[in-house]
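This report concerns only the one structure given below.
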Amino acid sequence: MPCSLTQTGSMVFDDAPSCRVSNPHMPAESSTASETPSQRRTAWMVAAQAGDRRAYEKLLADSISLIRAVARRCGVAPDHVDDVVQETLLTVHRVRHTFDPARTYDNWLAALANRRAIDALRSRGRRDRREVHDEFALERHADSGDASAAAEREQRARRLRLAVAELPPGQREAVEQLGLRERSLRDVATSTGRRTGALKVNLHRALKTLRERFHGES
Amino acid sequence: MENPEAMSVSSSHSELIDRLGGALVPVRRLAPPWRRVLGWLLVVVAAALALLAHYGPDGMLQRWTVAPELAWAGLGAAVTAVCAAWAALSLSVPGRRVLWAWLPVPSALLWIGASGLGCLRVWFTPDPQVAALQQSADCLIFIIGLSIPLSALLILLVRRACPLRPVLTAVMIGLASAAASACLLEIGHAEASAATDLLTHALAVALVVAANAAMGGRLLSRT
């Protein structure tokens with residue numbers, strides 16, 4: 001949503017002309033102490049449109065905090081806020097002829113900063129979808145193409161299958177149904193005709209046996 | 001008290017500000033939307049005058065006397081064209097309210113409602129002269145054919161500004177061009193409004209708006 005800003009960073013959600021400039025053609029140097037910061041920036045922008053470099057540079061420097069506030073408000077990450085500032089300053093330069101002195105500079109700037117912040121968020125989103133972060137890559141795809149790693153995984157799975165097969169029948173059934181097939185305790189109790197308490201005890205004992213066997217070997 | 005953030009302008013920002021300050025030249029301010037709308041309307045009026053010179057006003061006035069709702073439909077289309085063009089040019093200025101997009105809605109309702117009423121009249125009138133399928137196809141070609149240059153002109157006008165909502169602005173451009181073309185069609189349209197006719201007009205307007213949203217949106221999003 002477009003929003004206007006005050007120098008302190010508080011926002012006004014209205015892009016209508018909230019405060020009009022009494023004399024928009026007033027030169028930047030003749031600004032008085034009674035002017036609000038918003039009026040001062042509007043006067044600087046009018047002067048900049050006429051080619052006043054000093055007023056323009058003051059205006060751009062003064063705009064940075066406003067742009068930062070909009071970017072933060074839009075949810076731009078702190079390390080990308082300065083990118084939004086630069087992009088917005090470039091846009092201000094390119095479209096400065098669209099500023100209407102009958103309206104406030106702050107509303108005009110907030111609309112541009114808002115747009116550039118959204119662009120930054122979209123571009124970040126696209127990049128995140130394309131790129132794989134280090135931690136994720138290591139966790140999910142580490143050595144996935146490595147033949148020796150695949151062979152080791154296969155060997156470990158075979159050992160686990162053998163160990164489960166060597167368990168007493170009650171414990172084996174508990175591990176297969178509850179642990180491997182992830183069926184609920186109630187379902188398994190219904191299908192096998194065993195009590196849930198007995199199933200829990202069998203599962204517990206089976207896991208203890210398997211843990212001892214694998215940890216003992218390693 | 002000074003805002004600490006304002007004081008901590010990083011060196012890269014300072015360099016950019018220096019560079020932009022060095023490149024500063026005086027600019028001619030963008031004309032207000034109403035004046036740019038007038039510029040576009042001049043072209044539409046010129047086309048209307050050319051069509052009137054070719055077909056003459058008699059056929060159109062006679063048809064309006066028999067079926068006054070068609071005059072209301074034409075008026076609705078004309079007002080929709082003006083309002084949608086105004087909305088497009090207003091939306092192209094940063095900081096203007098998105099509510100501008102609602103401006104053409106009431107007149108568009110009048111346009112659609114009056115056209116629909118024309119169809120009802122055809123059902124209840126014993127011997128109206130209604131458009132055949134071939135004539136409906138001609139209407140489709142006329143609306144689309146005229147909408148292309150009118151849309152191109154509005155896109156040029158909008159690109160001079162900075163449309164921050166490119167697709168919505170392009171939709172307004174499409175609606176303005178299609179409505180203006182439908183309004184101009186009234187001048188040479190010899191038949192009463194039938195359901196096929198209304199559907200053809202609706203299809204033409206939908207095609208123009210969709211094409212603008214797809215292509216115009218891309219053209220305008222480079223700002």
Legend entry - Base-10 log of normalised Debye intensity for region A:148-217 (one unit scatterer per alpha-carbon) at q = 0.13, 0.16, 0.20 Å⁻¹: -0.40, -0.57, -0.80
Legend entry - Relative contact order (%) - criterion: Cα under 8 Å, at least six apart; region: region B:33-220: 33
Inset, instruction - Note the full-extension length gain between B:Ala50 and B:Leu156 as 0.36 nm times their separation in residues minus their Cα-Cα distance, in nm to one decimal. - result: 35.8 nm
Inset, instruction - Measure off 7 Å from each Cα along the Cα-to-Cβ vector at B:Ala71 and B:Leu109, then give the distance between these two points in nanometres to one decimal. - result: 2.3
Legend entry - Cβ-based net charge around A:Ala189, under 13 Å, with every Lys or Arg adding one and every Asp or Glu removing one: +3
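When the solvent-accessible surface of protein heavy atoms is calculated with a 1.4 angstrom probe, in what order do A:Arg72, A:Arg41 fall, highest first?
Numbers: A:Arg72 120, A:Arg41 0 Å².
If we order A:Arg72, A:Arg41 from most to least accessible, we get A:Arg72, A:Arg41.
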Inset, instruction - Under 13 Å from the Cβ of B:Ala77, count the other residues' Cβ atoms, weight Lys and Arg +1, Asp and Glu -1, and hand me the total. - result: -2
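Given charges of +1 on the Cβ of Lys and Arg and -1 on the Cβ of Asp and Glu, with all other atoms neutral, how large is the dipole of region A:148-217 about its Cα centre, in debye to the nearest 20? The partial results should precede the final answer.
On the way: 16 positive and 9 negative charges, 40 e Å.
My answer is approximately 200 debye.
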Legend entry - region B:33-220: mean projected area of Cα convex hull, nm²: 9.7
Legend entry - Relative contact order, percent, region A:148-217 [alpha-carbon distance under 8 Å, six or more residues apart]: 31
Inset, instruction - Quickly work out the B:Asp58-to-A:Glu152 label distance, labels modelled 7 Å from Cα along the C-beta direction, and quote it in nm with one decimal. - result: 9.7
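What does the net charge come to around A:Ala174 if you take all other residues with beta carbon closer than 9 Å to its beta carbon, with K and R at +1 and D and E at -1?
Numbers: positive: A:Arg172, A:Arg194, A:Lys200, A:Arg205; negative: A:Glu173, A:Glu176.
For residues surrounding A:Ala174, the net value is +2.
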Inset, instruction - Mind checking the full-extension length gain between A:Ile118 and A:Arg53? Use 0.36 nm per residue of separation minus the Cα-Cα distance, one decimal, nm. - result: 20.5 nm
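The values are calculated or read from the model by the stated rules, or taken from the named source; none is laboratory data. Here the structure is a predicted model, which means the values were calculated and not measured. FYI the Cβ positions are ideal-geometry reconstructions off the backbone, even for glycines, and counts take in every protein chain you see. Side chains are part of the model used for accessible areas, which takes the heavy atoms of the whole protein and leaves out ligands, DNA and RNA. Shrake-Rupley method; radii C 1.70, N 1.55, O 1.52, S 1.80 Å.
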